[in-house]
Structure formats: structure tokens, C-alpha cells
Amino acid sequence: MPQDNGFSDDMLARVEAFAKAQGLELFVVGGAVRDRLLARDRADRVAGKALNIDLAVRAEALRVAKALAWSLSGSYVCLDEDTGSARIVVGGDSARIELDLSDFRGPTLEEDLRHRDFAINAIAVPLPAWLDGARWRQALIDPLRGQADLAARRLVACFDGTFRDDPVRILRAFRFAASLGFELDPSLLPLMRKAASSLARVSGERVREELMAIFSSDRAGWACRALDELGVLDIICPELKAGRGLSQGGYHHLDVLGHELETVAQCDRMLRDFAEFSPELREPMAAYCLQPVVDGRTRGALIKLSGLYHDVGKPATRRVEADGDIWFLGHEHFGAVLVDTLTERLKFSNRERDLIHHLVLYHLRPGHLSREAQLTRRAIFRFFRDLGEDGPACLLVWWADRLSTRGPVSRVDQIDEQRARLEELLRAYFLKVEEAVNPPRLIDGRTLMAHLRLPPGPLVGQLLQLVQEAQAEGRVHSADEALTLASQALKEHEA
């Protein structure tokens, strides 16, 4: 059975020593217990995301949390003063732990457990027993038979009002089902439908956290389709509604929304193991997609979200010609504006907003390059010059889009040719970066200004970029050649 990492064990031992000295009884509840019963290693989590452990106390959680934060040299954050819930943050970087301490939701621990979200999260263990590897199972408190649901890989609500009390639990249900590979008990669906409209009043931050947890799983495509069937997608992603039932013409086998949902499913398949790519690309691509952009939200998850929204501009730009052909000219530009409303509403960071904006805006560009019989070094350099570290993400969104377009009638020879162009670009970024993407500068701005007697300004940057592009093309190899090229370009500029 995987154990929590040593850092968390040591931390909880200090918490137990504090509780004993204070005469308090603390219980480990929620995800930590669930994952231990599933033998899931909680240390194996998204880089940069804290390990979260829920603790329950009979009463006065806020006072206890303040004292405990001081004892652990951690930070105290009040989560909900009315219900008595606080967070203690200890450590930093990869060894960061969040201890969420809350009052019982009722007079007893059993009553508290009965008012949690799902039975698999309504299992508790006294903290001393949790730290005793020999007897923790015997000390489990499980009034709703959550262990049986874990064994059946089934998600069941603790009580009929679970979604009414907190509508974001609708998204959480799909998050657990997607990440754990569980099935939703049929009893959940009518309860979800009754509470779905209330999701519109949930804060953007809470919706974002659950949505990104879904996109971090391997079943994001399934979850998005199920949320659409339930009517929830219209509430949390209203920009997508106009694409439902909107025909795209003969080249596409799905309507706009169906195509966007299929793109997410293709992302799931592709990012699972990168098996369709050459072996030398798989490891760097996996590391790239697993890298957190901010606060534990990975590139891979943001790629899937961008895949869902990549064609959001199509309904507003749809034009039907006299011959019946359907066009969506400029939909990538309009879509980039629309997706900005989503990222603002859900309070994404500026870096995430820029990434998602770029992926929607440029998602057609790799397709244009893929139709070239041979990629030039200049085309490769300019693609990554414009997209930078977002370049591989853009390539993956395009590839998922491409594989979602014609479905079973796709031409295998055409797919193979386009994959070859795709891999050329990926190899340039991951395996030939100094040669093709970002050659080391032969000259700097100071040298250029001194040699050409130029004042500081935009022209200096333009000349340096010209030199770097020539390096990537293999036309310039030394500082002297770089200065000669810059001098020639300056004369042409002044002519």
C-alpha cells in the first residue's frame, strides 16, 4: 500500500502531538482516506500543486487552526468563517502541504460525514490510528458504506441535497468519475438536473478549479460530453451553445459543438501516452504537457480546454455560398476574442489567458504548414518565433482538431503526410532548439549599434531578429557574417 510521503507523515505526527497537548481529537477525512484505500500515491501529483489533507474537529476549528499554524510555522487562511473552516499552508515548492481544518457539520462525526459530498469521501480515521500503519483500517469510520462504493467504483451522493447545498459538486462528481475511472450512480442525474441552474451563481474560481481538474484527467472528453447532455456545459461555457447542431459542410462529419467535443477526446487519447509519435519525441512531449503553467494547472489541461474552444468563433463567421459550400473565414480571430470572455470569467492567470488565446488564434497555422511538400528552415523558425514555448501546444491542438475533422473517412496517406510535417516541427523544438528554433546570438545589440553607429530603438531589434533568422536558415555562421548581413539590411532600409 503506498503511503503518504515522508514529509506529510512527519507533519501529521507534529499535528497529532499538538492535538494531544491541547486535549483535542482530530480525524483525517475525505480524499486522503479515499486515496489510501484505493492505494493511490498522493505524492504522485501535479508538480507545484500542494498535497491537501482534510482534518475534522468537533468545534472551534478556526481557533485551533490559528494555534496549529503558529506551532507548525505555517500560514493561516480562513476559508469559511460561518461554517468554521480554515487552511494551514506548510512548506513550499514540491513539499507544500495544505491542512484543511473544519468543524463537524453536526453534533457528531457521523452526522458530519453524512453531510459531505459523496460516500467515498465520507470515511474518517482518528489521527493517531492514521499514523499507525498496523491498525488504521480497523479504525475506519464509514457510516455510508463508502468502502463498498470504492470497491464497486461507483459515485453515490451522501444525501439528496448534496448538489442543492453546493452546486459545484456537480462538476466535482464528474471530476472524480473522470480521474478515478468511476461510474456515476443513476440516482445522481436527477439530483444534478434540479441543481444545475444554480451553477451560474458559483464563483468563477471554483468552477475553474473543478473544470481544470477534469481536463487534467484522461476522460475529459467523456466528461464534457456528459456535461453537455446534462445541460451543464451551456451554463459554465455558454459561448459554445451556438455551435450545437450547426452544420460545417461535407469536409466535417460532425456539427461545430460535436467537433469541439471530439477534439477534447482526441486530446485525451493523444496525451495519454503519445504513442502515435516517434519514440524519441514521447518523453519530452510528456514532460512539456505535464509542466504546470501556474499553480498546478498543467499545459496538458490547458491544451484540452483550448481544444474545446478552438472553433468557438465559427457560428458568428459562418457563410453559405450559392453552390452550398460553407466557409468560416476569420473564425480563429473571432474565437480568440470569445475565449477571452471565458478566461476572464473563470479568473485564469494572465499567462494562462495568453496561452489559451494563442492556441485558439493560431490553431489553423500548423495546418497551412502541413500542406507544404517540404518545410523550410525559415518557416520553422518563424512559427516558433511567433509562438515561442506555446508552439508545441498549438501543434497538439491542431493535430487533435485534424483527427476530429473527417473521422472514419480521413485519408490515411494524407494523415501520414501531415504527421510527418508535424513531427518535423516537434523535433525542431524538442531536439534541435539551438539549431532551428532559438540559435545562440552571434552578436548583441551593443555590438550592432557600435558597428553600424545606430542609436537604441526598434530598428536594432529588427536587425537582430533578421540575423537570428538567417542563422536558423544556415546562411550566417559567425559574428562577422552577422554584421555584414545587418549592414546590408540597413543600407536597403535607408535606400
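Condition check ((1) touching a residue at least 24 places away in the same chain (Cβ under 8 Å); (2) closer than 18 Å to residue 224 by Cβ; (3) touching a Phe, Trp or Tyr at 6+ places or on another chain (Cβ under 8 Å); (4) of a type in the set (Phe, Trp, Tyr)) across all residues:
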| residue | (1), (2), (3), (4) |
| --- | --- |
| 284 | yes, no, yes, no |
| 292 | yes, no, no, no |
| 296 | yes, no, no, no |
| 301 | yes, yes, yes, no |
| 323 | no, no, no, no |
| 347 | yes, no, no, no |
| 379 | no, no, no, no |
| 382 | yes, no, no, no |
| 389 | no, no, no, no |
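Return the total of residues in the stretch 1-41 being assigned to a loop (DSSP other than H, G, I, E, B), modelled with pLDDT of 80 or more and surrounded by fewer than 22 Cβ atoms within 10 Å (Cβ to Cβ).
The qualifying residues number 6.
Residues being under 40 Å from the mean Cα position of the chain (by Cα) and touching a residue at least 12 places away in the same chain (Cβ under 8 Å): count how many of those fall in the stretch 449-475.
Within the stretch 449-475, residues that are under 40 Å from the mean Cα position of the chain (by Cα) and touching a residue at least 12 places away in the same chain (Cβ under 8 Å) number 15.
For the stretch 274-292, give me each residue that is at pLDDT below 95 and outside any loop (DSSP other than H, G, I, E, B).
The answer is 292, and nothing else.
Given the options 87, 116, name the one that is within 16 Å of residue 32 (Cα to Cα), outside the structural domain of residue 162 (by TED's automatic domain parsing), in a strand (DSSP E or B) and not hydrophobic (A, V, I, L, M, F, W, C).
On inspection, the qualifying residue turns out to be 87.
Within the set of pairs 6 or more residues apart or between chains, which connect a residue that is under 11 Å from residue 331 (Cα atoms) inside the stretch 304-315 to a residue that is part of a loop (DSSP other than H, G, I, E, B) with Cβ atoms less than 8 Å apart?
Note: pairs meeting the criteria are 310/363; 311/328; 313/328; 313/330; 314/246; 314/248; 314/328; 315/246.
Check 55, 79 and return the single one that is under 28 Å from the mean Cα position of the chain (by Cα), at pLDDT 95 or above and either in a strand (DSSP E or B) or surrounded by 18 or more Cβ atoms within 10 Å (Cβ to Cβ) (or both).
Every option except 55 fails the conditions.
Does residue 220 satisfy the condition of being buried (at least 18 other Cβ atoms within 10 Å of the Cβ), in contact with a Lys or Arg (Cβ under 6 Å, 6 or more places away or on another chain) and not assigned by TED's automatic domain parsing to the domain that holds residue 344?
Answer is yes for this residue.
Take the residues in the stretch 353-383 that are more than 20 Å from residue 310 (Cα to Cα) and among the polar types (S, T, N, Q), then tell me which one is modelled with the lowest pLDDT.
374
Answer yes or no: is there a residue in the stretch 193-210 that is farther than 30 Å from residue 349 by Cα and either in a helix (DSSP H, G or I) or modelled with pLDDT of 95 or more (or both).
Checking the stretch 193-210: at least one residue is farther than 30 Å from residue 349 by Cα and either in a helix (DSSP H, G or I) or modelled with pLDDT of 95 or more (or both).
Condition check: farther than 30 Å from residue 156 by Cβ, buried (at least 21 other Cβ atoms within 10 Å of the Cβ) and touching a residue at least 24 places away in the same chain (Cβ under 8 Å). Does residue 253 satisfy that?
No: the conditions fail for residue 253.
What's the number of the only condition in (1) farther than 28 Å from residue 150 by Cβ; (2) in contact (Cβ under 8 Å) with a residue 40 or more places away in the chain; (3) not assigned by TED's automatic domain parsing to the domain that holds residue 338 that residue 198 fails to meet?
Evaluating residue 198 over (1) farther than 28 Å from residue 150 by Cβ; (2) in contact (Cβ under 8 Å) with a residue 40 or more places away in the chain; (3) not assigned by TED's automatic domain parsing to the domain that holds residue 338 leaves (2) as the failure.
Which of the following residues is surrounded by fewer than 23 Cβ atoms within 10 Å (Cβ to Cβ) and at pLDDT 95 or above: 145, 169?
Result: 145 is the single residue among 145, 169 that is surrounded by fewer than 23 Cβ atoms within 10 Å (Cβ to Cβ) and at pLDDT 95 or above.
With the structure loaded, tell me whether residue 201 is touching a Pro at 6+ places or on another chain (Cβ under 8 Å) and of a type in the set (Lys, Arg) or whether it fails that test.
When the stated conditions are applied, residue 201 passes them.
Among the residues of the stretch 186-217, what is the count of those that are touching a strand residue (DSSP E or B) at 6+ places or on another chain (Cβ under 8 Å) and surrounded by fewer than 18 Cβ atoms within 10 Å (Cβ to Cβ)?
The qualifying residues number 1.
Is one or more of the residues making up the stretch 400-419 closer than 18 Å to residue 284 by Cβ, at pLDDT 85 or above and of a type in the set (A, V, I, L, M)?
Scanning the stretch 400-419 turns up no residue that is closer than 18 Å to residue 284 by Cβ, at pLDDT 85 or above and of a type in the set (A, V, I, L, M).
If you check residue 233 against the conditions, is it part of a helix (DSSP H, G or I) and touching a residue at least 12 places away in the same chain (Cβ under 8 Å)?
No, not satisfied.
In the stretch 322-350, what count of residues is obtained for those that are under 19 Å from residue 206 (Cα atoms) and either in contact with an Asp or Glu (Cβ under 9 Å, 6 or more places away or on another chain) or not hydrophobic (A, V, I, L, M, F, W, C) (or both)?
11
Is the stretch 274-289 home to any residue that is more than 30 Å from residue 416 (Cβ to Cβ) and either surrounded by 14 or more Cβ atoms within 10 Å (Cβ to Cβ) or of a type in the set (A, V, I, L, M) (or both)?
no
Consider residue 95 carefully, then state whether it is more than 27 Å from the chain's Cα centre (by Cα), surrounded by 15 or more Cβ atoms within 10 Å (Cβ to Cβ) and outside the structural domain of residue 295 (by TED's automatic domain parsing).
no
I need the full set of residues from the stretch 419-448 which are of a type in the set (Gly, Ala, Ser) and within 25 Å of the chain's Cα centre (by Cα), in order please.
Matches in the stretch 419-448: 428 only.
The values are calculated or read from the model by the stated rules, or taken from the named source; none is laboratory data. In this text, all values refer to a predicted model and were calculated from it rather than measured experimentally. Cβ: placed from backbone, ideal geometry, glycine included. Neighbour counts: every protein chain shown.
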